[in-house]
Amino acid sequence: MKKLLITLTLVLGATALTAQEATPPSDPPQQAAEPPMTLSRLAQIILTIDPEAQAHGPAMEFTVQDIPVIVIADVRADRMRAMIPIRAADGLEPEELMRLMQANFDSALDARYAVAQGRLWGVFIHPLSPLEQDQFLSGLAQTVNVARTYGQTYSGGANIFGGGDSNGIYQNLLDTLRQGQEL
């Protein structure tokens, strides 16, 4: 009897799964697609955030609320990286490195902590051409927040994975970055 119940459960489950697979999901409402992100479009967004931003080839340096940001894009590799220097990497204790890796898993969100060239960085890395303006602004706000919250909550600040103290800070910064960003 037990074997029959297991078999029946498997057959009914497979039938229900097949019925679900046969019904195509409804398409979400169509929105006007953003054009692919280019160096020029990315520069326009950054100049709206900080009109005093400086371009150096495929890199731009600017500030967001007194925090220095470097954005580097590589069209051939179709990649973009927003970076914020946090501190020298020498002297990072194993416990702190462990905490940084934990934050990368659950609280840094789309931003990450990274070590390169002897420094600890907050970074947001994304393919360039499919990057949407709001994704860039959100990733930038999260990167600013991982730099700000280093040594404390280690948080990207978005309203995901719990309601910590950083949520309001993230939302205020994202709203500030979005102002005038209809490019």
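Every number here is computed from the coordinates shown, using simple stated rules; none is lab data. Remember, it's a predicted structure, so these values are computed and weren't measured experimentally. Cβ placement follows ideal geometry from the backbone for every residue including glycine, while neighbour counts extend to all protein chains displayed.
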For region 35-178, with only Lys/Arg (+1) and Asp/Glu (-1) charged at the beta-carbon, what is the dipole magnitude about the Cα centre, in debye rounded to 20? 260
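Where does each of 85-95, 101-111 land if you order them by average Cβ count within 10 Å, highest first?
Ranked by mean Cβ neighbours within 10 Å, highest first: 101-111, 85-95.
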So, with points 7 Å from each Cα along the Cβ direction, the residue 66-residue 44 label distance in nm works out to 3.3
Once label points are set 7 Å from the Cα along Cα→Cβ at both residue 74 and residue 179, what is their separation, rounded to one decimal in nm? 3.6
For region 100-110, Karplus-derived ³J(HN,Hα) couplings (6.51, -1.76, 1.60; θ = phi - 60°; whole Hz; x for glycine and proline) come out as 5, 5, 4, 5, 4, 7, 10, 10, 6, 6, 7
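So what is the relative contact order of region 35-178, in percent, for Cα pairs below 8 Å that sit 6 or more residues apart? Before the final figure, lay out each step's value.
Values: 241 pairs, mean separation 29.7, N = 144.
Once normalised by length, the contact order is 21 percent.
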Cα-projected label distance for residue 125 with residue 97, points at 7 Å along beta-carbon direction, nm: 1.8
Interchain or long-range residues, amide H under 5 Å from residue 86's placed H: 120, 121, 122
